[in-house]
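Participant: Have a look at the structure that comes next, please.
The values are calculated or read from the model by the stated rules, or taken from the named source; none is laboratory data. In this text, all values refer to a predicted model and were calculated from it rather than measured experimentally. Every residue, glycine among them, receives a Cβ derived from its backbone with ideal geometry; neighbour counts consider all protein chains shown. All accessible areas refer to the heavy atoms of the entire protein, side chains included, with ligands and DNA or RNA removed. Shrake-Rupley method; radii C 1.70, N 1.55, O 1.52, S 1.80 Å.
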Amino acid sequence: MGTEVVRSEEQSEQAGPELSIVIPIYNEEENIPPLLGAISRVMQEVGLSYEVICVDDGSTDKSYAVLREMADHYPGLVLIRFQENAGQTAALDAGFKAARGRIIVTMDADLQNDPADIPVLLEALQEYDMVCGWRYQRQDPWIKLVSARIANAVRNWITQEQIRDTGCSLKAYRRECLASLKLFTGMHRFLPTLVKMEGFRVTEVKVRHHPRRHGKSKYNIRNRLVSSFLDCLAVAWMQKRALRYKIVE
Ligand code: UDP
Ligand code: MG
């Protein structure tokens, strides 16, 4: 898969920032400028040094042109561009690998997640290694709400979990959590379980959620049902077959 990482000379020379925000982007041209504006406002309050890693997952609209334009206004913007669409997990993986912060925050590009919740995640990260957003008042069409409810119940049942909203992209990690993860397509829905399997402490906090105003959702029941069920079985298999041993001598 061809990728292109665009980091300015100045960025490459500087020591890494404290926090990296990773955002997968697939055809979100109208959402990018307000998203970056909102992040910059919140991060001014947070007061940590940061970078925003936008991963263009093979967009066919003007997303990448918009990102290039934005890079002139936001010095902390790092751009990665895929040759073609490779999926949300692949985009996250590339972002994780490029991230230099000791804390990594992920979110969607469509402004359904609210950057204003970043401080809440960071607060919980003081006690935990990974914090997952829980969209307790999710703003999506009813068909999506119903299917997500069923999917979460099935996932929790099969993987013996109690995660309310694993599909929420707004999450924060200490970088150690991600160091040894080997991701596969579709695994972005199982990140809390995968991180727990590595022995880390994971929690959930309530976050806001907004209706999508621009662009379209990339997922529907048809393109999710079978594959995410199979992914679930794969994760259950991994849990069952994880190596467990204690050396006595
Ligand atoms: N996305 C991506 N590659 C894909 C599908 C989605 O990078 O193949 C991005 C998308 O642009 C958005 C996020 O992943 O930033 C979540 O997608 P979407 O909002 O469509 O999901 P939904 O909120 O409808 O579940
Ligand atoms: Mg969305």
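Participant: Listed residues Ser227, Ser147; which is farther than 20 Å from Glu123 by Cα, part of a helix (DSSP H, G or I) and touching a Leu at 6+ places or on another chain (Cβ under 9 Å)?
Facilitator: Ser147
Condition check ((1) within 16 Å of ligand 2 (Cβ to nearest atom); (2) closer than 22 Å to Lys182 by Cβ; (3) of a type outside the set (Val, Ile, Thr)) across all residues:
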position: Met70; (1), (2), (3): no, no, yes
position: Pro75; (1), (2), (3): no, no, yes
position: Arg81; (1), (2), (3): no, no, yes
position: Ala90; (1), (2), (3): no, yes, yes
position: Asp93; (1), (2), (3): no, yes, yes
position: Val105; (1), (2), (3): no, yes, no
position: Asp114; (1), (2), (3): yes, no, yes
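Participant: Let me ask something else about it. Are any of the residues in the stretch 118-128 farther than 26 Å from Gln14 by Cα, open to solvent by 10 Å² or more (accessible area, probe 1.4 Å) and within 13 Å of the chain's Cα centre (by Cα)?
Facilitator: Looking through the stretch 118-128, none of the residues is farther than 26 Å from Gln14 by Cα, open to solvent by 10 Å² or more (accessible area, probe 1.4 Å) and within 13 Å of the chain's Cα centre (by Cα).
Participant: Shifting gears a bit: Of all the residues that make up the stretch 138-179, how many are within 16 Å of ligand 2 (Cβ to nearest atom), out of contact with any His (no Cβ under 6 Å at 6 or more places or on another chain) and open to solvent by 50 Å² or more (accessible area, probe 1.4 Å)?
Facilitator: Selection size over the stretch 138-179: 4.
Participant: If you don't mind, there's one more thing I want to ask. Can you tell me which residues in the stretch 180-223 are among the basic types (Lys, Arg), within 16 Å of ligand 2 (Cβ to nearest atom) and open to solvent by 40 Å² or more (accessible area, probe 1.4 Å)?
Facilitator: Of the stretch 180-223, the ones among the basic types (Lys, Arg) are 182, 189, 196, 201, 206, 208, 212-213, 216, 218, 222.
Okay, now just the ones that are also within 16 Å of ligand 2 (Cβ to nearest atom), so 189, 208, 212-213, 216, 218.
Listed by number, the residues that qualify are Arg208, Arg212, Arg213, Lys216, Lys218.
Participant: Quick one: in the stretch 234-244, which of the residues that are among the hydrophobic types (A, V, I, L, M, F, W, C) and open to solvent by 80 Å² or more (accessible area, probe 1.4 Å) is nearest to Ala109 (Cα to Cα)? If you could, list the steps in order and put the result at the bottom.
Facilitator: Looking only at the stretch 234-244, we keep the residues that are among the hydrophobic types (A, V, I, L, M, F, W, C), and these are 234-238, 242-243.
Filter once more, so that each one left must be open to solvent by 80 Å² or more (accessible area, probe 1.4 Å): 237, 243.
Numbers: Trp237: 32, Leu243: 36 Å.
Result: Trp237.
Participant: Applying the selection to the stretch 85-103, what residues are within 23 Å of Asn31 (Cβ to Cβ) and either polar (S, T, N, Q) or touching a Lys or Arg at 6+ places or on another chain (Cβ under 6 Å) (or both)?
Facilitator: Scanning the stretch 85-103 gives Asn85, Gln88, Thr89.
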